[in-house]
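What follows draws every value from the coordinates through simple rules; no lab data is involved. What you see is a predicted model, and the numbers here were worked out from it, not measured in a lab. Every residue, glycine among them, receives a Cβ derived from its backbone with ideal geometry; neighbour counts consider all protein chains shown.
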Amino acid sequence: MRASTLFARTLREDPAEAEVPSHVLLLRGAFIRPVMSGVFTALPLGLRVLRKIEGIIREEMDASGAQEVRMPIVLPAESWRATGRYEAYGDTLFKLRDRHGREMVLGPTQEEVVTPLVAGDLSSYRDLPVSVYQIEWKYRDEYRPRFGLLRGREFLMKDAYSFDRDEEGMHASYAVMMDAYRRIFDRCGLTYVVVEADPGTIGGGTNHEFMAIAEVGEDLYVTCPNGDYLADTEAATPRAPEPVGELDLEPMVEIDTPGAGTIAEVVEQLGRPASRMLKVVMFDAGGSPVAALVPGDREVNEVKLERRFFPTPVRRFEDGDFERLGLVKGFVGPHGLPADAVVLADHAVAGGANWVTGANAHDRHVTGANVGRDFSVGGYTDLVQIVEGDPCPECGEPLRIERSIVVGHIFELGTKYSAPLAATFVEEDGTDVLYQMGCYGVGLSRIMAAAVEQRHDEQGIVWSKTIAPFEVVVVLANADDDRAVVEAERIYAELRERGVDVLLDDRDERAGVKFADADLIGYPVQVVVGKRGVEAGTVDLKLRSTGERSQAPLAVAATAALDLLATAP
Ligand code: ATP
Ligand code: MG
């Protein structure tokens, strides 16, 4: 490929609409162009990167034994209603109607297609296990499309689905995919962690997220600097604090705290730390009151509470709930709760004593409230939202909270889709049995952006050679020098012959422009052929990742470029 004919007009300025480095650089480097919010055209350079990522994923999927299929994007709404996802996806689902008024959706993922597909054709236990995958564009009307390719409304995904006879088989298929995923992200050159995610209330099964570490990431995870703990922030459990030991129990005394309806205001008035206050957060679980007790400096992790009561829905108390039960919002104390309230306390509460808490009266608190004597707790459990600096449950070191971009997510689904879609196979004994399924997603366009987030500098992108649009660029620095042209063409031809993915920058541009573009676009290796070098019998080489420059004799320039490429990340 020659840059003179390549559709790639780079931009000198940072586009105003782009907030994060990957968006800025993918626009500036002429990889993508916007069409509308969350929808982009891939230019030739961008498409080359996507195709390379696609190639890696296809190889790993094929090696894992999964078979490629291609499912449609326009789908009938019926099956989406059958699984309840027509409603569950809500406005995120792109909905449309055909000329006959039939409802359809644009596929955001394809369980509703693949499940009947497999059930229709592979309906004997002898056909199982089977895994299929596709690499196809997905459509989601995201509430906030942003950050370029990181959160689009149209994005490229590899989605795979496994079908097994039993749970054991499903676990085995899952393990195979887990390995394939590691290889995919390793080969794409991403720095990532694999975190067991919260099973959630809907999915319910084991699932792991592959998180590419990045400052701009929207997803948080918890990690111990010693490397012995890694968890989803929703699921993370801090080590329970040591009990304070034998304390002299103070009497419980009611005090005036005028206008202090928040922890911060009580701290201010009493001069006691928030960690010594007992916060009582009220929830409604299917019509019954639930009190969650946590130290005043902690927040209740509602996901943990939801999981505990699942499938009963849990919501925070509204003003009417407080009134109905005669509770004073902002001044609830654990000693004045309704008799039928379920009282749950975080483990951290077990270690404390002499709490300051609400007095169940307006503008009043109590001091010296103690478990057992003044109030009772129905059970101790893990309720708090983890925060930076919490002790590691393994070693006690302060935990860190880091940001990441979720590039892959794998799930053990069990019969979540096979049950509502009545997808069964015939077992050896003749009975109809539901498939045990798994689903496995990777965002290709998101990998592309995540790779840029992880690998860029002031000058531009630093692609890993496995997904770079071209591995080597031959920069013809003086296009008006006949000998330089001849040498550049010769080196370009030799590199192509030797199987290198190479671009010749033969544009009628100043050398400075070509160097800046080479750095911006981020080819791993640059070979510079200039007038002065040619006269001296040399070419200049540059490794983009380190900026290291070297020289090689003209005659062996291609070999030198290949050697340098071998050292590129
Ligand atoms: P998120 O929490 O980021 O919205 P998700 O849980 O909705 O992700 P999945 O349904 O598991 O994502 O989709 C599988 C993969 O598809 C994700 O891991 C991600 O790589 C990619 N993906 C999901 N939504 C988008 C999007 N809007 N833009 C680009 N890639 C996406
Ligand atoms: Mg989503």
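Here is how the numbers come out for the structure above:
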| quantity | calculated |
| --- | --- |
| Flag for VAL195 being in contact with a His (Cβ under 8 Å, 6 or more places away or on another chain) and within 15 Å of ligand 1 (Cβ to nearest atom) | yes |
| Selection within region 45-73 - touching a residue at least 60 places away in the same chain (Cβ under 8 Å), part of a helix (DSSP H, G or I) and under 23 Å from MET170 (Cβ atoms) | ILE57, GLU60, MET61, ALA63, SER64 |
| Output for region 36-77, where each listed residue is farther than 30 Å from VAL130 by Cβ, of a type outside the set (Gly, Ala, Ser) and surrounded by fewer than 16 Cβ atoms within 10 Å (Cβ to Cβ) | MET36, VAL39, THR41, PRO44, LEU47 |
| Breaking point among (1) farther than 30 Å from LEU520 by Cα; (2) touching a Lys or Arg at 6+ places or on another chain (Cβ under 6 Å); (3) not hydroxyl-bearing (Ser, Thr, Tyr), for LYS416 | (2) |
| Scan of region 93-138 for residues that are assigned to a loop (DSSP other than H, G, I, E, B) and closer than 30 Å to SER22 by Cα, ordered by number | LEU93, GLY107, PRO108, THR109, GLN110 |
| Among (1) surrounded by fewer than 19 Cβ atoms within 10 Å (Cβ to Cβ); (2) within 16 Å of ligand 1 (Cβ to nearest atom); (3) within 30 Å of CYS395 (Cβ to Cβ) - the single one ARG144 does not satisfy | (3) |
| Cross-chain or 6+ apart pairs with Cβ under 9 Å, region 216-227 first and more than 16 Å from ligand 1 (Cβ to nearest atom), then basic (Lys, Arg) | VAL222/ARG400; THR223/ARG400; CYS224/ARG400; PRO225/ARG400 |
| Cβ-Cβ under 7 Å pairs, at least 6 apart or on other chains, region 441-466 side among the charged types (D, E, K, R), far side within 16 Å of ligand 2 (Cβ to nearest atom) | ARG446/LEU149; ARG446/LEU150; ARG446/PHE155; ARG446/ILE405; ARG446/VAL407; GLU453/ILE405 |
| Answer from PHE425, PHE411, PHE470 - the residue that is under 30 Å from LEU6 (Cα atoms) and either away from ligand 2 (no atom under 16 Å from the Cβ) or touching a strand residue (DSSP E or B) at 6+ places or on another chain (Cβ under 7 Å) (or both) | PHE470 |
| One residue from VAL474, VAL407 being assigned to a strand (DSSP E or B), crowded, with 20+ Cβ neighbours inside 10 Å and in contact with a Lys or Arg (Cβ under 7 Å, 6 or more places away or on another chain) | VAL407 |
| Selection count where residues are surrounded by 11 or more Cβ atoms within 10 Å (Cβ to Cβ), among the acidic types (Asp, Glu) and in contact with a Phe, Trp or Tyr (Cβ under 8 Å, 6 or more places away or on another chain), scope region 86-111 | 1 |
| Matching strands (runs of 3 or more DSSP E) fully within region 489-559 where at least 3 residues are crowded, with 24+ Cβ neighbours inside 10 Å | 502-505, 525-529 |
| Sole residue being within 14 Å of ligand 1 (Cβ to nearest atom) and within 30 Å of GLN459 (Cα to Cα), chosen from VAL39, VAL24 | VAL39 |
| Residue in region 117-125 that is closer than 30 Å to VAL452 by Cα, out of contact with any strand residue (DSSP E or B) (no Cβ under 9 Å at 6 or more places or on another chain) and away from ligand 2 (no atom under 16 Å from the Cβ) present | no |
| Residue check for GLU397: more than 30 Å from ALA180 (Cα to Cα) and within 26 Å of the chain's Cα centre (by Cα) | yes |
| Residue satisfying condition, being in contact with a helix residue (DSSP H, G or I) (Cβ under 8 Å, 6 or more places away or on another chain), crowded, with 20+ Cβ neighbours inside 10 Å and among the aliphatic types (A, V, I, L, M), within set VAL132, VAL118, VAL114 | VAL132 |
| Selection from region 270-301 of residues that are touching a Phe, Trp or Tyr at 6+ places or on another chain (Cβ under 9 Å) and charged (D, E, K, R) | ARG276, ASP284 |
| Residue in region 439-448 that is more than 30 Å from GLU13 (Cα to Cα), in contact with a Gly (Cβ under 9 Å, 6 or more places away or on another chain), buried (at least 23 other Cβ atoms within 10 Å of the Cβ) and not acidic (Asp, Glu) present | yes |
| Matching residues, region 139-172, being within 13 Å of ligand 2 (Cβ to nearest atom), under 16 Å from the mean Cα position of the chain (by Cα) and in a strand (DSSP E or B) | ARG146, ARG151, PHE155, MET157 |
| Near pairs, Cβ below 9 angstrom, 6+ apart or cross-chain, from region 74-99 (more than 16 Å from ligand 2 (Cβ to nearest atom)) to any residue that is assigned to a loop (DSSP other than H, G, I, E, B) and polar (S, T, N, Q) | LEU75/GLN110 |
| Test set (1) more than 23 Å from HIS456 (Cβ to Cβ); (2) more than 12 Å from ligand 1 (Cβ to nearest atom); (3) touching a Pro at 6+ places or on another chain (Cβ under 7 Å) - ARG153 fails condition number | (2) |
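The rows are residues; the columns are (1) among the charged types (D, E, K, R); (2) on the phi > 0 side of the Ramachandran plot; (3) surrounded by 11 or more Cβ atoms within 10 Å (Cβ to Cβ); (4) touching a residue at least 12 places away in the same chain (Cβ under 8 Å).
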{"residue": "ARG239", "(1), (2), (3), (4)": "yes, no, yes, yes"}
{"residue": "ASP248", "(1), (2), (3), (4)": "yes, no, no, no"}
{"residue": "GLY261", "(1), (2), (3), (4)": "no, no, yes, yes"}
{"residue": "ARG272", "(1), (2), (3), (4)": "yes, no, yes, yes"}
{"residue": "LYS279", "(1), (2), (3), (4)": "yes, no, yes, yes"}
{"residue": "PHE283", "(1), (2), (3), (4)": "no, no, yes, yes"}
{"residue": "GLY287", "(1), (2), (3), (4)": "no, yes, no, no"}
{"residue": "ALA291", "(1), (2), (3), (4)": "no, no, yes, yes"}
